[in-house]
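Here the structure comes first, spelled out in structure tokens, and everything after it is commentary.
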Amino acid sequence: MTEIALELNRVSISYDTFNVLNGLDLILDRGTVTGLLGRNGSGKTTLIRVALGLMQADAGEANVFGAPSANSPSGIRKRIGYVPQTFDSFNWMKVGDCVDFVASFYQDDWDSELIARLTKEWRLDNRKIGELSPGDQQKVSILLAVGHSPDLLILDEPVSKLDPAARRSFLRMLVEMNVDRNQTILLSSHITSDVERICSHIAILHGGRINCHISLDEVKEHVRVITVPGSSFPHIEGMIGGQGIRRWVRYTSELELPKDARVEETTLEDLFIGITA
Amino acid sequence: MFTINPSSSVPIYRQIVNQCREQIASGVLTPGDKLPSVRAISTEIGVNPMTVSKAYSLLDQTGIVVRRRGIGMVVTESGRERAQIGTDESRSLIMYAKKVGISRSDLIAQIERLWEET
């Protein structure tokens, strides 16, 4: 049986009267690489913070490797790596000192070779973290999250500030970790082409729930846009989302469609826009 | 070795299968040649390793390459012949269908109908 890395069960959380997550379910199997997609303000960061136990949900539960996120034992915490959207810790420390400091918590579990290689590849100067550009700060944040080779790596828009060369090298590193250690990865990103490259699955967050959790091959092979002219869209099996005369559907040739229906292939970007419109 | 367009409507594993077939069909890769490992391909072109595994399994199923224990994927003796059969014709048919707007499912249905008649 596949091990479950992360499980969110009926998670709800609200800020004042606004329901950010509304009975959200998400299960990540070990070894999957999932792109978390959602519009600005859809609750991606909240989902990640609840998953990590940094935030308590109003209702529902979050488990990592079978233990509740909110008070998981240190043995499980050690298996998690997290790259936050903004990194503003250790500003007074130099990059090297900071890496050594974090490494000291993990001792033999710290992959100094990997960190040395990435530091060189990403041309990170050994300056005070507070003096680095936002992109270089993001690189430090990534180093601190991956040095202990976590089994579950959660990244909140990790590439948003990286230059194209660093981004490529970072994506390669993720693939390496996934292939060498069967690492489970959840990353939120707005760059759909990156997601299409390195992810095995996508999860689209909209209206407080994951309303599409699907493998990327399935998106391309079985998801189609169906257009039916007219004011009322007929009921079609396997509907994923969409509005008006265009709907995204898990398509099979057995599907019964109205005569004037048009079936077209879709792209991840179109699916995203269609579902979150 | 492969050029991937992640945003194409063709799944990445299909792109890898097609390009592999092409290279074997055209003789760039010859019988006995070894394909790079899943790890090498996925880290080199930066794609999910499961995608590459899937492509290799499909190629294995067609008999163009064979999985050899301890060595990896190797182009078979009949690989070139197998890779060539129908590929070009099918491809031009598909290109034609796309150009004039025949849907994938309609094309498949049409082939199935003609198959019975021929």
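The values are calculated or read from the model by the stated rules, or taken from the named source; none is laboratory data. Here the structure is a predicted model, which means the values were calculated and not measured. Reconstructed Cβ throughout: ideal geometry from the backbone, glycine too, with neighbour counts over all protein chains shown.
The helices (runs of 4 or more DSSP H) found wholly in the stretch A:68-122 and carrying at least 3 residues that are surrounded by 13 or more Cβ atoms within 10 Å (Cβ to Cβ) occupy A:95-106, A:112-121. Every listed requirement among (1) in a helix (DSSP H, G or I); (2) within 27 Å of A:Val195 (Cα to Cα); (3) not hydroxyl-bearing (Ser, Thr, Tyr) is met by B:Pro36 save one, (1). Of all the residues in the stretch A:192-215, those that are crowded, with 24+ Cβ neighbours inside 10 Å and over 14 Å from the mean Cα position of the chain (by Cα) number 0. Among the residues making up the stretch A:222-236, those that are hydrophobic (A, V, I, L, M, F, W, C) and within 14 Å of chain B (Cβ to nearest Cβ) are A:Val223, A:Val225, A:Ile226. Which residue pairs have Cβ atoms closer than 9 Å, lie 6 or more positions apart in sequence or on different chains, and pair a first residue in the stretch B:49-66 that is on the phi > 0 side of the Ramachandran plot with a second residue that is at pLDDT below 90 and surrounded by 14 or more Cβ atoms within 10 Å (Cβ to Cβ)? Taking only residues 6 or more apart or on different chains, the pairs are B:Gly63/B:Gly79; B:Gly63/B:Arg82.
Under the condition of being modelled with pLDDT of 80 or more, away from every other protein chain (no Cβ under 14 Å) and loosely packed, with under 13 Cβ neighbours inside 10 Å, the residues counted in the stretch B:78-118 number 9. Among the residues of the stretch A:244-259, those that are part of a loop (DSSP other than H, G, I, E, B) and more than 14 Å from chain B (Cβ to nearest Cβ) comprise A:Gly244, A:Ile245, A:Pro258.
Restricting attention to the stretch A:1-60, the residues that are outside any strand (DSSP E or B), touching a residue at least 40 places away in the same chain (Cβ under 8 Å), more than 18 Å from A:Thr276 (Cα to Cα) and among the basic types (Lys, Arg) total 1. The residues listed here are B:Ser42, B:Ser37, B:Ser53; of these, the one that is surrounded by 13 or more Cβ atoms within 10 Å (Cβ to Cβ), within 14 Å of chain A (Cβ to nearest Cβ) and within 14 Å of the chain's Cα centre (by Cα) is B:Ser53. Counting only strands (runs of 3 or more DSSP E) that sit wholly inside the stretch A:145-221, those with at least 1 residues that are of a type in the set (D, E, K, R) and more than 9 Å from every other protein chain (Cβ to nearest Cβ) are A:152-156, A:209-215.
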